[in-house]
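Have a look at the structure below, then the notes.
The values are calculated or read from the model by the stated rules, or taken from the named source; none is laboratory data. Keep in mind that this is a model prediction, so the values were computed, not measured. Note that we place each Cβ from the backbone using ideal geometry, even for glycine, and neighbour counts take in every protein chain shown.
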Amino acid sequence: MAAPTSPDVIVIGAGLAGLSAARNLSKGGRSVLVLEARDRVGGRTHSVTEGPYTIDLGAQFIADKQRRISALVDEFGITRVELDSEGKTLHRDAPGSKVKRISEDSLPLSCLAQLDALQSSWRLESKVKALSNADLDKLDTISLSELMRQKTFLQSSRSMLALMAQSELCVSTDEISAFEFLQQLKSVGGMEVEAEEYYMKEGSQSIAKRIAADLGDAVILSSPVSAIEFSGESIKVTAKDVTYSS
(Lines give C-alpha, C1' and ligand atoms only; values in the text may rest on other atoms or scores of the structure.)
Protein backbone atom coordinates (compact mmCIF):
# COMPACT_ATOMS: atom_id res chain seq x y z
CA MET A 1 0.00 0.00 0.00
CA ALA A 2 1.54 3.32 -1.08
CA ALA A 3 1.53 6.28 1.28
CA PRO A 4 -1.35 8.65 0.38
CA THR A 5 -0.44 12.30 -0.07
CA SER A 6 -3.74 13.53 1.38
CA PRO A 7 -5.15 10.64 3.41
CA ASP A 8 -8.59 10.49 4.96
CA VAL A 9 -7.01 9.83 8.35
CA ILE A 10 -3.58 10.53 9.85
CA VAL A 11 -2.65 8.27 12.76
CA ILE A 12 0.13 9.43 15.08
CA GLY A 13 2.07 6.53 16.58
CA ALA A 14 2.78 3.03 15.26
CA GLY A 15 2.19 1.16 18.48
CA LEU A 16 -0.42 -1.60 18.60
CA ALA A 17 -3.27 0.89 19.16
CA GLY A 18 -2.28 3.16 16.26
CA LEU A 19 -1.57 0.32 13.86
CA SER A 20 -4.81 -1.48 14.74
CA ALA A 21 -6.79 1.73 14.21
CA ALA A 22 -5.09 2.29 10.84
CA ARG A 23 -5.72 -1.32 9.84
CA ASN A 24 -9.42 -1.14 10.68
CA LEU A 25 -9.82 2.18 8.88
CA SER A 26 -8.05 0.79 5.82
CA LYS A 27 -10.31 -2.26 5.82
CA GLY A 28 -13.25 0.13 5.93
CA GLY A 29 -12.10 1.80 2.74
CA ARG A 30 -10.35 4.83 4.21
CA SER A 31 -6.92 5.99 3.07
CA VAL A 32 -4.57 6.13 6.07
CA LEU A 33 -1.14 7.50 6.94
CA VAL A 34 0.72 6.44 10.11
CA LEU A 35 3.50 8.68 11.45
CA GLU A 36 5.93 7.16 13.96
CA ALA A 37 8.68 9.08 15.77
CA ARG A 38 10.86 6.03 16.39
CA ASP A 39 12.75 4.04 13.79
CA ARG A 40 10.60 0.99 14.47
CA VAL A 41 6.97 -0.01 14.95
CA GLY A 42 5.54 -1.67 18.03
CA GLY A 43 5.52 0.97 20.76
CA ARG A 44 5.84 -0.86 24.07
CA THR A 45 6.47 -4.13 22.28
CA HIS A 46 10.11 -4.48 21.26
CA SER A 47 11.74 -7.79 20.35
CA VAL A 48 15.41 -8.41 19.57
CA THR A 49 17.23 -11.48 18.30
CA GLU A 50 20.18 -12.97 20.19
CA GLY A 51 21.53 -16.01 18.37
CA PRO A 52 18.66 -18.46 17.89
CA TYR A 53 16.50 -16.69 20.49
CA THR A 54 14.00 -13.85 20.29
CA ILE A 55 13.95 -11.72 23.44
CA ASP A 56 11.16 -9.34 24.40
CA LEU A 57 12.40 -6.08 25.90
CA GLY A 58 8.89 -4.71 26.43
CA ALA A 59 5.40 -6.19 26.75
CA GLN A 60 5.60 -9.96 26.47
CA PHE A 61 2.63 -12.03 27.59
CA ILE A 62 -0.95 -12.59 26.42
CA ALA A 63 -3.93 -14.53 27.75
CA ASP A 64 -6.85 -16.34 26.11
CA LYS A 65 -9.34 -13.84 27.52
CA GLN A 66 -7.50 -10.98 25.86
CA ARG A 67 -9.65 -11.61 22.83
CA ARG A 68 -8.46 -8.95 20.39
CA ILE A 69 -4.73 -9.52 20.72
CA SER A 70 -5.29 -13.30 20.73
CA ALA A 71 -7.28 -12.99 17.49
CA LEU A 72 -4.37 -11.15 15.84
CA VAL A 73 -1.88 -13.77 17.02
CA ASP A 74 -4.03 -16.52 15.52
CA GLU A 75 -4.69 -14.60 12.32
CA PHE A 76 -0.99 -14.06 11.66
CA GLY A 77 -0.03 -17.61 12.62
CA ILE A 78 2.28 -16.46 15.41
CA THR A 79 3.41 -19.29 17.68
CA ARG A 80 2.11 -19.26 21.25
CA VAL A 81 4.31 -20.84 23.93
CA GLU A 82 2.62 -21.72 27.21
CA LEU A 83 4.32 -20.22 30.23
CA ASP A 84 5.87 -22.72 32.64
CA SER A 85 4.51 -21.80 36.06
CA GLU A 86 5.40 -24.95 37.99
CA GLY A 87 7.87 -24.97 40.87
CA LYS A 88 8.84 -22.38 43.46
CA THR A 89 9.25 -18.62 43.16
CA LEU A 90 12.16 -16.73 44.72
CA HIS A 91 11.40 -13.36 46.26
CA ARG A 92 13.69 -10.72 47.73
CA ASP A 93 12.32 -7.51 49.24
CA ALA A 94 15.48 -5.40 49.09
CA PRO A 95 19.27 -5.67 48.69
CA GLY A 96 20.67 -7.65 51.61
CA SER A 97 17.30 -9.05 52.65
CA LYS A 98 16.61 -12.76 52.96
CA VAL A 99 15.54 -14.61 49.83
CA LYS A 100 12.15 -16.25 50.32
CA ARG A 101 11.01 -19.36 48.47
CA ILE A 102 7.26 -19.37 47.91
CA SER A 103 4.76 -21.48 45.99
CA GLU A 104 3.27 -20.15 42.73
CA ASP A 105 -0.16 -19.47 44.26
CA SER A 106 1.15 -17.66 47.33
CA LEU A 107 2.53 -14.24 48.26
CA PRO A 108 5.69 -13.48 50.29
CA LEU A 109 3.62 -12.07 53.15
CA SER A 110 2.61 -13.05 56.67
CA CYS A 111 -0.65 -14.97 57.06
CA LEU A 112 -2.43 -11.81 58.22
CA ALA A 113 -1.05 -9.76 55.32
CA GLN A 114 -2.06 -12.47 52.84
CA LEU A 115 -5.62 -12.34 54.19
CA ASP A 116 -5.56 -8.54 53.83
CA ALA A 117 -4.32 -8.83 50.24
CA LEU A 118 -7.05 -11.37 49.45
CA GLN A 119 -9.87 -9.28 50.92
CA SER A 120 -8.65 -6.15 49.15
CA SER A 121 -8.42 -8.04 45.87
CA TRP A 122 -11.99 -9.25 46.36
CA ARG A 123 -13.15 -5.69 47.05
CA LEU A 124 -11.33 -4.39 43.95
CA GLU A 125 -12.86 -7.18 41.84
CA SER A 126 -16.32 -6.15 43.07
CA LYS A 127 -15.65 -2.59 41.95
CA VAL A 128 -14.42 -3.84 38.56
CA LYS A 129 -17.64 -5.79 37.96
CA ALA A 130 -19.82 -2.82 38.93
CA LEU A 131 -17.72 -0.20 37.15
CA SER A 132 -19.53 2.26 34.87
CA ASN A 133 -18.99 5.74 33.48
CA ALA A 134 -21.02 7.02 36.41
CA ASP A 135 -17.96 6.30 38.57
CA LEU A 136 -15.70 8.49 36.44
CA ASP A 137 -16.09 11.75 38.40
CA LYS A 138 -15.21 10.10 41.71
CA LEU A 139 -12.60 7.51 40.75
CA ASP A 140 -10.76 9.55 38.12
CA THR A 141 -9.90 12.19 40.72
CA ILE A 142 -7.97 9.82 43.00
CA SER A 143 -4.85 7.79 42.26
CA LEU A 144 -4.59 4.03 42.33
CA SER A 145 -2.31 4.50 45.32
CA GLU A 146 -5.13 6.23 47.22
CA LEU A 147 -7.63 3.51 46.24
CA MET A 148 -5.26 0.86 47.59
CA ARG A 149 -4.96 2.79 50.87
CA GLN A 150 -8.75 2.70 51.11
CA LYS A 151 -9.02 -1.03 50.44
CA THR A 152 -6.15 -2.39 52.58
CA PHE A 153 -5.34 -2.39 56.29
CA LEU A 154 -1.63 -3.30 56.31
CA GLN A 155 1.33 -1.55 54.70
CA SER A 156 2.97 -4.85 53.73
CA SER A 157 -0.03 -6.08 51.72
CA ARG A 158 -0.49 -2.60 50.23
CA SER A 159 3.13 -2.51 49.07
CA MET A 160 2.86 -5.98 47.53
CA LEU A 161 -0.32 -5.08 45.60
CA ALA A 162 1.32 -1.84 44.43
CA LEU A 163 4.36 -3.78 43.23
CA MET A 164 2.13 -6.20 41.28
CA ALA A 165 0.18 -3.34 39.72
CA GLN A 166 3.32 -1.41 38.78
CA SER A 167 4.84 -4.45 37.08
CA GLU A 168 1.78 -4.64 34.84
CA LEU A 169 1.23 -0.90 34.27
CA CYS A 170 4.88 0.23 34.00
CA VAL A 171 4.00 3.34 36.03
CA SER A 172 3.81 4.22 39.73
CA THR A 173 0.45 3.76 41.43
CA ASP A 174 0.59 7.52 42.10
CA GLU A 175 0.66 8.22 38.35
CA ILE A 176 -2.53 6.43 37.28
CA SER A 177 -6.09 7.14 38.32
CA ALA A 178 -8.18 4.57 40.14
CA PHE A 179 -10.73 4.64 37.31
CA GLU A 180 -8.11 3.98 34.61
CA PHE A 181 -6.76 1.00 36.55
CA LEU A 182 -10.20 -0.52 37.14
CA GLN A 183 -11.19 0.13 33.51
CA GLN A 184 -8.07 -1.71 32.31
CA LEU A 185 -8.87 -4.64 34.60
CA LYS A 186 -12.45 -4.75 33.33
CA SER A 187 -11.27 -4.77 29.70
CA VAL A 188 -9.27 -7.98 30.24
CA GLY A 189 -11.86 -9.83 32.31
CA GLY A 190 -11.08 -8.75 35.88
CA MET A 191 -8.55 -9.73 38.51
CA GLU A 192 -9.30 -13.44 38.26
CA VAL A 193 -7.88 -13.62 34.73
CA GLU A 194 -4.33 -14.92 34.42
CA ALA A 195 -2.58 -12.37 32.22
CA GLU A 196 0.61 -14.36 31.71
CA GLU A 197 -0.54 -17.53 29.97
CA TYR A 198 1.58 -17.38 26.80
CA TYR A 199 4.51 -15.63 25.20
CA MET A 200 5.19 -15.57 21.46
CA LYS A 201 8.07 -17.50 19.99
CA GLU A 202 8.56 -14.87 17.28
CA GLY A 203 8.40 -12.06 19.88
CA SER A 204 5.52 -9.79 20.82
CA GLN A 205 6.66 -7.11 18.35
CA SER A 206 5.92 -9.55 15.52
CA ILE A 207 2.23 -8.58 15.77
CA ALA A 208 2.97 -4.91 15.06
CA LYS A 209 5.42 -5.85 12.31
CA ARG A 210 2.79 -7.95 10.55
CA ILE A 211 0.19 -5.18 10.71
CA ALA A 212 2.74 -2.64 9.46
CA ALA A 213 3.70 -4.96 6.60
CA ASP A 214 0.05 -5.07 5.50
CA LEU A 215 -0.13 -1.26 5.60
CA GLY A 216 3.08 -0.99 3.58
CA ASP A 217 4.31 2.51 2.70
CA ALA A 218 1.43 4.05 4.66
CA VAL A 219 3.64 3.68 7.76
CA ILE A 220 6.39 6.31 7.91
CA LEU A 221 9.09 5.83 10.55
CA SER A 222 11.50 8.35 12.12
CA SER A 223 8.90 11.08 11.67
CA PRO A 224 8.20 12.82 14.99
CA VAL A 225 5.19 15.12 14.76
CA SER A 226 6.08 18.72 15.57
CA ALA A 227 2.84 20.54 14.76
CA ILE A 228 -0.89 19.91 14.27
CA GLU A 229 -3.06 22.65 12.71
CA PHE A 230 -6.84 22.60 12.49
CA SER A 231 -8.74 24.64 9.91
CA GLY A 232 -12.45 23.99 9.63
CA GLU A 233 -12.88 20.37 8.58
CA SER A 234 -9.27 19.97 7.43
CA ILE A 235 -6.11 19.27 9.38
CA LYS A 236 -2.40 19.66 8.70
CA VAL A 237 0.22 17.56 10.47
CA THR A 238 3.90 18.42 10.24
CA ALA A 239 6.49 15.72 10.82
CA LYS A 240 10.19 16.03 10.07
CA ASP A 241 9.67 19.21 8.00
CA VAL A 242 7.02 17.51 5.85
CA THR A 243 3.38 18.66 6.09
CA TYR A 244 0.53 16.21 5.47
CA SER A 245 -3.10 17.26 4.95
CA SER A 246 -6.27 15.41 5.76
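Below, the figures for the structure above:
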quantity	calculated
Positions within segment 62-92 being within 14 Å of Glu202 (Cβ to Cβ), in contact with a Phe, Trp or Tyr (Cβ under 7 Å, 6 or more places away or on another chain) and either exposed (fewer than 14 other Cβ atoms within 10 Å of the Cβ) or hydrophobic (A, V, I, L, M, F, W, C) (or both), in sequence order	Ile62, Val81
Residues that are in a loop (DSSP other than H, G, I, E, B) and over 30 Å from Ser85 (Cβ atoms), drawn from segment 199-246	Leu221, Ser222, Ser223, Pro224, Gly232, Glu233, Lys240, Asp241, Ser246
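Table: residues versus (1) surrounded by fewer than 15 Cβ atoms within 10 Å (Cβ to Cβ); (2) assigned to a strand (DSSP E or B); (3) at pLDDT below 95.
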residue: Met1; (1), (2), (3): yes, no, yes
residue: Pro4; (1), (2), (3): no, no, yes
residue: Val11; (1), (2), (3): no, yes, no
residue: Ala14; (1), (2), (3): no, no, no
residue: Leu19; (1), (2), (3): no, no, no
residue: Asn24; (1), (2), (3): yes, no, no
residue: Val34; (1), (2), (3): no, yes, no
residue: Arg38; (1), (2), (3): no, no, no
residue: Gly42; (1), (2), (3): no, no, no
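Yes/no per residue for (1) among the polar types (S, T, N, Q); (2) in contact with a Phe, Trp or Tyr (Cβ under 8 Å, 6 or more places away or on another chain):
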position	(1), (2)
Ser132	yes, no
Leu136	no, yes
Leu139	no, yes
Glu146	no, no
Gln150	yes, no
Gln155	yes, no
Ala162	no, no
Gln166	yes, no
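Residues checked against (1) on the phi > 0 side of the Ramachandran plot; (2) acidic (Asp, Glu); (3) within 20 Å of the chain's Cα centre (by Cα):
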residue	(1), (2), (3)
Arg23	no, no, yes
Ser26	no, no, no
Arg30	no, no, no
Leu33	no, no, no
Arg38	no, no, yes
Glu50	no, yes, no
